[in-house]
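See structure below.
The values are calculated or read from the model by the stated rules, or taken from the named source; none is laboratory data. Keep in mind it's a predicted model, so treat the numbers as computed, not measured. Because the Cβ atoms are built from the backbone with ideal geometry, glycine has one as well, and the counts that use them run over all protein chains shown.
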Amino acid sequence: MTIFNQDSTTLILFLVILLSALGLLFVGIWIFRARKSTKEQGRVSRFVTLEFEEEQKVETEKQPFWKGRDVTKFRDWINDALKSLSSVKLQKKISSAYWQITDTEFILIRFAITVLSFALFWYIFNSILAGIFIGVIAVMVPSIVLDWAIAQRQKKFHKQLLDVLVLIKGAVQAGYGLMQGLDLAIQEIPEPAAVEFGRVLREVRLGLTLEQALTNLSDRMESDDLQIVVTAIIINAQVGGNLSTVLEATISTIRDRIQLQAEILSLTSYSRYVGNFLTLLPFIAGVVIFIIMPDYFETVKTSLLTQIIFLMALLGVIIGNIWIRRLVRIKV
């Protein structure tokens, strides 16, 4: 005896999809409206940048109550209620991407996307296997997007690092100190370099040592060139010496590394092209076959064996692409 018939199952799936969509929409709205920093950034802004705090207060007062303080209080309540889900590693990754959400909010968004994807594809294909497959992919998508955002931000920062060092070296040669040189670089260089070095200044003013603030910056950006810069500045601060000379040697080293990296990219371009082409080839062939023979993939909807074969093929393509990328990745 079946408890639910086909109509009741369809109604339950529809309700799950509707509630998940509304929840995801609501989470996206109040995260978009409430541009508040994480707890650590909030403490730094509260104790260090009083002018920024006053500006935020004025902006909050101009907003309607449901867009400002109430939303912020609701976010705080959510974060406090689910603080057991928080992790230092995830907080660090979100901070590296400079997303204006907390790690708890990220987990909630990830959960909502997973549930919505699972229910939606279960309803569309009338197969729980399809829902599970898409749900597993949906679980990984937010992490992939986060890693991509971190990589893009680190890439932009890496391109600006040499300009920042040239500005700081010029300021030091003109008689400024290192902190004054950093302040000058923040005013002249756009983000993300301005934001990241601004964090360094705020942390130092808050009470952290320059060594710790620069180490935090190096951990966020995960750049070998930045690690060289941080090590050189820390050693110079500990043993003394001419900072301008140290920066000049560091700039020369980074320029040589950039030239060597460009040569490596040029030499490995063909291998990367072949890897991407081999990854896209099965999908291109599938699209062409579907256009020529639309009924060719009908068994995918009904045959469990065909679905398993397709899943194994997809995993093989992904593993092959990752393997080729690792082969052509050469660290300088």
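Among the residues here, ILE134 does not qualify as over 30 Å from THR253 (Cα atoms), surrounded by fewer than 18 Cβ atoms within 10 Å (Cβ to Cβ) and not basic (Lys, Arg). Counted as qualifying within region 236-332 are the helices (runs of 4 or more DSSP H) with 2 or more residues that are among the charged types (D, E, K, R), namely 243-267, 304-328.
Scanning region 148-178 for residues being exposed (fewer than 15 other Cβ atoms within 10 Å of the Cβ) and without any contact (Cβ under 8 Å) to a residue 60 or more places away in the chain gives a total of 10. Residues in region 237-280 that are acidic (Asp, Glu) and under 19 Å from ARG329 (Cα atoms): ASP256, GLU263.
Between VAL195, VAL164, VAL145, which is assigned to a helix (DSSP H, G or I), in contact with a helix residue (DSSP H, G or I) (Cβ under 8 Å, 6 or more places away or on another chain) and not aromatic (Phe, Trp, Tyr)? Steps first, please.
Numbers: VAL195 fails: in contact with a helix residue (DSSP H, G or I) (Cβ under 8 Å, 6 or more places away or on another chain); VAL145 fails: in contact with a helix residue (DSSP H, G or I) (Cβ under 8 Å, 6 or more places away or on another chain).
Answer to the selection: VAL164.
This table checks each residue for (1) assigned by TED's automatic domain parsing to the domain that holds VAL166; (2) among the acidic types (Asp, Glu); (3) modelled with pLDDT under 85.
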{"residue": "ILE254", "(1), (2), (3)": "yes, no, no"}
{"residue": "GLN259", "(1), (2), (3)": "yes, no, no"}
{"residue": "VAL274", "(1), (2), (3)": "no, no, yes"}
{"residue": "PRO282", "(1), (2), (3)": "no, no, no"}
{"residue": "ILE291", "(1), (2), (3)": "no, no, no"}
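The set of residues in region 111-131 being over 18 Å from SER303 (Cβ atoms) and small (Gly, Ala, Ser) consists of ALA112, SER117, ALA119.
Being among the small types (Gly, Ala, Ser) and within 24 Å of TYR98 (Cβ to Cβ) holds for only one residue in SER252, SER266, SER218, SER244, and it is SER218.
What do you reckon, is VAL141 touching a residue at least 60 places away in the same chain (Cβ under 8 Å), farther than 30 Å from ARG255 by Cβ and β-branched (Val, Ile, Thr)? Taking the combined requirement at face value, the residue does not satisfy it. In this structure, LEU182 qualifies as within 24 Å of ARG257 (Cα to Cα), among the hydrophobic types (A, V, I, L, M, F, W, C), free of Cβ contacts under 8 Å to residues at least 40 places away in the same chain and assigned by TED's automatic domain parsing to the domain that holds SER252. Restricting region 261-270 to residues that are hydrophobic (A, V, I, L, M, F, W, C) and under 14 Å from HIS158 (Cβ atoms), the residue that is surrounded by the fewest Cβ atoms within 10 Å (Cβ to Cβ) is ALA262.
Scanning region 120-131 for residues that are surrounded by fewer than 16 Cβ atoms within 10 Å (Cβ to Cβ), assigned to a helix (DSSP H, G or I) and either without any contact (Cβ under 8 Å) to a residue 40 or more places away in the chain or in contact with a Cys (Cβ under 7 Å, 6 or more places away or on another chain) (or both) yields ILE124, ILE128.
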